[in-house]
Amino acid sequence: MKKAIKTILVAFMALTAACFTSCEKEPTTPANNGNGNNGNGNNNNGGQTVELNGTSWVGKYNDTYQGYQAKITWSLDFNSETEGEFYFELVVAGQPQADQTIPFTYTFDGREGVISAGGMGTSNFTYNPDNNTITMNLMVEVSNDGSTLGGVTIFYPRGQEPEDPENPEDPGNDTVDDGVVPGEITDQFPANTQWSATQNTTYHTEELGDLPMTLNYILDFNNNHIALLNVSATVWGQTSDPQLVRFNWTFDEGSNTGTLTTKGVPLPFTFNPDNNTIETEFNFDVSGGGTAGGNVVFNRVETKALVVRI
């Protein structure tokens, strides 16, 4: 029975376009502990476990400071099973600012973790086995005026950062993927916000009939008009790996409406300021037949951010 459920989850998450389209990617090598396991750390499949010990990551965040372009580069090293360090670099208007090395301790359960950096605070982070990335909220506070830079940052294994289309010689976290191109940097709502939703539904199978299924959504709005949606399905206590879909986003503050777009397919959404929710309609054509999805209401997630003061 467990094998049948696992097969169903794998088939379910091979989604095809109905209201949005996801691309099929070659399998990525999950994080490993760097101690000769040859990448056999995995995403909780087959009893294998992701290990961050000995891995190195790079995350870049494009922002503006007093009208000037600002680029933050975070180098992230997990030096042991409980300790690591950031190396922080900031360039404003082409001028390098003071670098910092920031030690931290961390916990990690194979999918989610918490980094603690003393007086700088803590930050939750998530490992995504679908594309071998780490996502966390990182901020920089400018001490002389109290302004902040940074936000939700995506980390890639060092040496595997995608190319920045605005500067091909300088890799960054802005990437062309699924037909989505980064847009103008903005601090307009809903930039740098995270939202979650849970949807209970049924999925029909020929082998087992109608199965109760829970869809779990995490939606991140980045400050460069890109939104990242992670979708996972849970059937009888077993959860599939998340599937990542990348969108461009636009939002009109006057009407509290916006659009998520991927590969030219628009998906309208509405923000309700009275209860701080986002509502939209996701409908999936499922590989192997059947449909899933429907009306989804997202609630805002208050994420912790590590704050570096310069």
query: How do Thr262, Thr82 stack up against each other in accessible area, from largest to smallest, with a 1.4 angstrom probe?
result: Thr82, Thr262
task: With a probe of 1.4 Å, find how much accessible area the range 71-139 has per residue, and write the answer as a whole number in Å².
output: 42
query: When the accessible area of the range 202-295 is split by element with a 1.4 Å probe, what percent falls to carbon and sulfur?
result: 47
Cα→Cβ-extended label distance, 7 Å offset, between Thr259 and Asn79, nm: 5.0
- prompt: When you count, for each residue, the other Cβ atoms within 10 Å and take the mean per peptide, how do 242-249, 182-189 rank with the highest first?
  reply: 242-249, 182-189
- line: Convex hull around the C-alpha positions of the range 86-154: the volume in Å³ per residue is 106
query: Pulled fully out, how much extra length does the chain show between Lys304 and Tyr87, if you take 0.36 nm times their separation in residues and subtract their Cα-Cα distance?
result: 76.2 nm
message: Just to check, using Stokes-Einstein with a Kirkwood Rh over alpha carbon pairs, what's the diffusion coefficient of the range 186-246 at 4 °C and 1.567 mPa s in µm²/s?
response: 99
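The values are calculated or read from the model by the stated rules, or taken from the named source; none is laboratory data. None of the values given here were measured: they were computed from a predicted structure. Cβ atoms come from the backbone with ideal geometry, glycine included; neighbour counts cover every protein chain shown. Calculation scope for accessible area: heavy atoms of the full protein, side chains included, ligands and nucleic acids excluded. Shrake-Rupley method; radii C 1.70, N 1.55, O 1.52, S 1.80 Å.
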